[in-house]
1. May I ask you to list the residues in the range 339-367 that are open to solvent by less than 50 Å² (accessible area, probe 1.4 Å), part of a loop (DSSP other than H, G, I, E, B) and over 18 Å from Arg273 (Cα atoms)?
2. Could you list, in sequence order, all residues of the range 59-93 that are crowded, with 16+ Cβ neighbours inside 10 Å and under 30 Å from Asp165 (Cα atoms)?
3. Working only within the range 170-187, note down all residues that are of a type in the set (Lys, Arg), in contact with a helix residue (DSSP H, G or I) (Cβ under 9 Å, 6 or more places away or on another chain) and surrounded by fewer than 18 Cβ atoms within 10 Å (Cβ to Cβ).
4. Return the total of residues in the range 111-154 being open to solvent by 70 Å² or more (accessible area, probe 1.4 Å) and outside any loop (DSSP other than H, G, I, E, B).
5. Filtering the range 335-367 down to residues that are under 24 Å from the mean Cα position of the chain (by Cα) and of a type in the set (Val, Ile, Thr), which residue is farthest from Leu264 (Cα to Cα)?
6. Just to check your reading of the model, which residue among Val80, Val92, Val67 is more than 28 Å from the chain's Cα centre (by Cα) and either without any contact (Cβ under 8 Å) to a residue 24 or more places away in the chain or under 18 Å from Val117 (Cα atoms) (or both)?
7. So which pairs qualify, if the first residue must be in the range 318-342 and in contact (Cβ under 8 Å) with a residue 24 or more places away in the chain, the second must be open to solvent by 70 Å² or more (accessible area, probe 1.4 Å) and in a loop (DSSP other than H, G, I, E, B), the Cβ gap must be under 6 Å, and the two must be at least 6 apart or on different chains?
8. Going through the range 10-51 one residue at a time, which ones are hydrophobic (A, V, I, L, M, F, W, C), more than 10 Å from the ligand (Cβ to nearest atom) and surrounded by 15 or more Cβ atoms within 10 Å (Cβ to Cβ)?
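The values are calculated or read from the model by the stated rules, or taken from the named source; none is laboratory data. All of these numbers come straight from a predicted model, not from anything done at the bench. Glycine also receives a Cβ, built like all others from the backbone with ideal geometry; neighbour counts cover every protein chain displayed. Heads up: the accessible areas ignore ligands, DNA and RNA and are worked out on the full protein's heavy atoms, side chains in. Shrake-Rupley method; radii C 1.70, N 1.55, O 1.52, S 1.80 Å.
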Amino acid sequence: MAQVIYDHVTKRFDGVTAVNDLNLDIADGEFLVLVGPSGCGKTTALRCLAGLEEVTSGDIIIGDRVVTHVPPKDRDIAMVFQNYALYPHMTVRDNMAFGLKLRGTPKEEIERRVKNVAEILGIDTLLDRKPKQLSGGQRQRVALGRAIVREPQVFLMDEPLSNLDAKLRVQTRAEIIKLQQRLGTTTVYVTHDQVEAMTMGHRIAVMNAGVLQQLDTPQNLYDRPANLFVATFIGSPAMNVFPAHVTTTPEGLQVVAEDLRLTLPAERGARLREWDGKSVLLGIRPEHFHEVNEADAAPDGRHVRLPVELVEPLGAETLLHLRGPEGRTLVARVEPEFQPDPGDVVTLTVDVDQIHAFDPDSQATLT
Ligand code: ATP
């Protein structure tokens with residue numbers, strides 16, 4: 001069993017709390033992604049697991065062993081870095097074999113494992129080359145190969161795709177997912193890219209300022225973000241957020257911001273009842289606006305009429321920048337055929353059962 005547990009892990013560097021009381025329970029075979037903006041502490045959290053940083057307090061458990069004070073080489077982990085960290089003077093074969101040689105693995109066993117993994121990764125024809133004779137994508141494969149041949153209990157990956165160009169990044173991303181499925185090795189993967197996190201992780205741990213914000217499946221993070229930070233970090237373009245007033249009407253609970261007036265469905269409204277008469281932050285994702293025929297747009301609390309500022313046709317979809325309440329820009333993601341002109345006033349339907357509201361002070365999700 002190679003479960004990984006962070007038990008109240010805190011890491012301070014003089015004056016800076018990089019990781020603040022982190023608790024994570026990562027299952028055997030799970031692909032867990034640590035994601036968050038630059039400086040949120042995700043790399044430090046990974047380095048604590050690797051043993052490259054000594055934790056200030058708390059414990060780290062790998063499998064059934066508390067490894068908090070165990071040196072990196074005895075933790076049975078393998079790490080893949082953003083800059084590949086290959087030995088430049090060694091061939092691909094020797095780079096891949098290095099860790100096994102250090103551990104005294106028999107020569108035939110090393111040869112068998114290197115050949116096998118090189119075939120899996122499609123680098124078996126490159127074994128006699130040096131790193132400088134390889135492309136960035138090939139180097140990253142060698143770095144992955146070097147981790148895989150060691151057959152560790154846990155893979156740790158720190159932004160392994162960020163030095164690759166966009167196309168190669170998407171391709172290698174899919175390869176890592178397939179590889180992890182095939183090997184079933186517990187993997188902790190650090191990235192600042194929410195798309196990478198959403199596509200790769202079985203579960204995602206979202207961090208901000210050293211603090212875990214939410215640990216959940218990609219779909220739950222998207223559908224039920226715990227707070228405003230997670231709501232705006234996950235999803236692209238980001239969720240639109242603006243202040244709105246909560247008010248009770250005969251039709252049900254409404255959220256109102258200038259001319260924009262939306263009626264919440266009964267269940268969502270019920271959760272906001274105690275906010276009647278107060279202000280909340282309203283959140284609407286761009287994809288929850290839809291084009292509607294003017295004739296169908298009954299005044300039923302599900303439509304908005306807003307002026308268009310900018311139209312971005314992206315081929316598969318169109319992004320509309322709309323002038324929202326208090327002059328704020330709202331982004332709507334609509335069908336590619338819908339391309340109004342700047343200055344037009346458009347009517348859109350809102351998926352009112354997908355609306356979110358946040359406490360303006362604590363920023364916790366209200367609904
Ligand atoms: P990035 O994506 O930019 O690498 P990150 O989320 O991985 O960011 P960390 O590198 O873990 O963030 O850094 C978290 C905080 O800890 C930052 O404020 C950083 O400046 C600080 N920090 C990290 N390493 C050290 C160190 N060795 N000494 C002092 N402060 C550090």
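1. Pro340, Asp351
2. Of everything in the range 59-93, those that are crowded, with 16+ Cβ neighbours inside 10 Å and under 30 Å from Asp165 (Cα atoms) turn out to be Ile77, Ala78, Met79, Val80, Phe81, Gln82, Tyr84, Leu86, Thr91, Val92, Arg93.
3. Arg182
4. 8
5. Thr365
6. Val92
7. Correct list of pairs: Pro325/Glu258.
8. Passing the criteria: Leu22, Leu24, Ile26, Phe31, Leu32, Val33, Leu49, Ala50.
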